[in-house]
Amino acid sequence: MELLLLETFSWNLCMPTPAHFIDYYLQASVQEGDLYNGWPLSSLSKTKTFMDKYTHYFLEVSLQDHAFLSFRPSQVAAACVAASRICLQISPSWTTSLHLLTGY
């Protein structure tokens, strides 16, 4: 039985999920040059904490809809980061460093 499953998956047991990309993307999700409502961020650490919470919330929401399965896991993770930046009113909504990191 185990052999049948392994052959079904072509022995590929490690499938990346959006969660694999989230922590990597969060490292560049908030930077000192970012603005909140046009003003410099008052607390970088608090903003990073909120980004983490919002991004994981959007990740949970994406797991509840099968439509997200048609996208690459890295795209879903990038969308979670972008949605979090928009909800937190951080501008720009997508930075050059995020573009270079994600490729999107």
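Read-outs: derived from the displayed coordinates by stated rules, not from any lab. Model, not experiment: these values are computed from the prediction. A quick note on method: Cβ atoms are made from the backbone with ideal geometry, for glycine too, and the neighbour counts reach across all protein chains shown.
So the values come out like this:
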{"item": "Total charge dipole magnitude, the chain, about the Cα centre, Cβ charges on Lys, Arg, Asp, Glu only, Debye to nearest 20", "result": "340 debye"}
{"item": "Relative contact order, percent, segment 15-102 [alpha-carbon distance under 8 Å, six or more residues apart]", "result": "43 percent"}
{"item": "Net length gained if the chain between Q27 and F71 were fully extended (0.36 nm per residue, minus Cα distance)", "result": "13.6 nm"}
{"item": "Cα-based Rg and Dmax for the chain, where Dmax is the largest Cα-Cα distance (Å)", "result": "16.5, 60"}
{"item": "Helical mean residue ellipticity (222 nm; -39500 (n - 2.57) per DSSP H run of 4+; nearest 500) of the chain", "result": "-17000 deg cm²/dmol"}
{"item": "Estimated inter-spin distance, N37 and M15, nm [label 7 Å along Cα→Cβ]", "result": "4.4 nm"}
{"item": "Leading residue at positive end of dipole, the chain (Cβ point charges), from A67, P18, Q89", "result": "Q89"}
{"item": "Neighbourhood charge, 12 Å Cβ-Cβ cut-off, centred on Q31 and excluding it, Lys, Arg +1 and Asp, Glu -1", "result": "0"}
